[in-house]
Each structure stands twice: as C-alpha cells, then as structure tokens.
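The values are calculated or read from the model by the stated rules, or taken from the named source; none is laboratory data. Just so you know, these numbers come straight off a predicted model, no measurement behind them. Cβ atoms come from the backbone with ideal geometry, glycine included; neighbour counts cover every protein chain shown.
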C-alpha cells in the first residue's frame, strides 16, 4: 500500500493520506469508480457496505477478454461485493488459503491511478495481497436475501 498505513503489529489501519490522495486524482477516475472509492462507508469495519472484513469467495479470470472478477461476502454476510476489472494489463493473486480463521479476511484496499490506469491493491489479515492493474473497475454491491 502506498497511501494506506497498516500497523504491522496491531493491524490498525490509517486512512487519512489515502483519502487526501483520492481527492487529488478524482478527475483521473471514472465518476462511478471515484464515487465508490471515495465513499468512506466502503472502508469502515462496522459498515454494511464495507469491504473491510469481507471474505474472498470467488476469482474469475477472463478467457478471451482481459477481465478479472473478484467476489467478496461482506463481513455481515448480508451483501456480496463484486468488482469487475476490464482492460486488465497485469494482476498478482497471492491467495494461498488453508481455510484457517482470517485467511480470507480483507484488511484494507487501495485504488491508485498510475500511468492512466487503475491499480487496486487488496491486503488480507494474513499479509497476502491481490494487485490488479486495469483500465476500469466496475464495483457492484448486491444485498442478499
């Protein structure tokens, strides 16, 4: 993470520099992605729409299209968060999971704009990281019945 600070001992996350950064690059993101990324509700541990504490439940890699889809079950288990990355130029999926408690729990995530593309970095409580570089990110949150 470049703008989010995670204390390596306590796991406490500091978001201040990240939200300042997002504000500085708002015109370089699509309106929909900026609205999603800048919404603090998507980062609060107690928030229903937050990715913090969510569990990774699916990864889909495009066959012909340069696309990656990640699916997360929200921490309250009442929402599914689906992130579709289009125009993917690179990805790194460090998701070694042994199904122990916390293996798939998302700790923090950060959107960055670099060379006119979006980098989304996702850190898990175990120290594992997913990093995707794409032209666009399409976030959708589904309320589960």
**Report entry** Matching residues, the range 11-32, being more than 17 Å from residue 140 (Cα to Cα), assigned to a helix (DSSP H, G or I) and touching a strand residue (DSSP E or B) at 6+ places or on another chain (Cβ under 9 Å)
**Finding:** 16, 17, 18, 21, 22, 28
Query - Single residue of the range 33-50 satisfying the filter (in contact with a strand residue (DSSP E or B) (Cβ under 8 Å, 6 or more places away or on another chain) and modelled with pLDDT of 95 or more) that is nearest to residue 127 (Cα to Cα) - result: 37
Query raised in the report: On the given criteria, is residue 65 free of Cβ contacts under 8 Å to residues at least 60 places away in the same chain and surrounded by fewer than 11 Cβ atoms within 10 Å (Cβ to Cβ)?
Result: yes
Query raised in the report: If you scan the range 33-49, which residues turn out to be without any contact (Cβ under 8 Å) to a residue 12 or more places away in the chain and assigned to a loop (DSSP other than H, G, I, E, B)?
Result: 39, 44, 46, 47
Report summary line: In the range 1-14, anything crowded, with 16+ Cβ neighbours inside 10 Å and at pLDDT 95 or above is listed as 3, 4
Requested in this report: May I ask you to verify whether residue 59 is more than 18 Å from residue 16 (Cα to Cα), in a loop (DSSP other than H, G, I, E, B), at pLDDT 90 or above and in contact with a strand residue (DSSP E or B) (Cβ under 9 Å, 6 or more places away or on another chain)?
Outcome: no
**Report entry** All positions within the range 82-116 that are modelled with pLDDT under 90, in a loop (DSSP other than H, G, I, E, B) and surrounded by 14 or more Cβ atoms within 10 Å (Cβ to Cβ)
**Finding:** 95, 103, 104
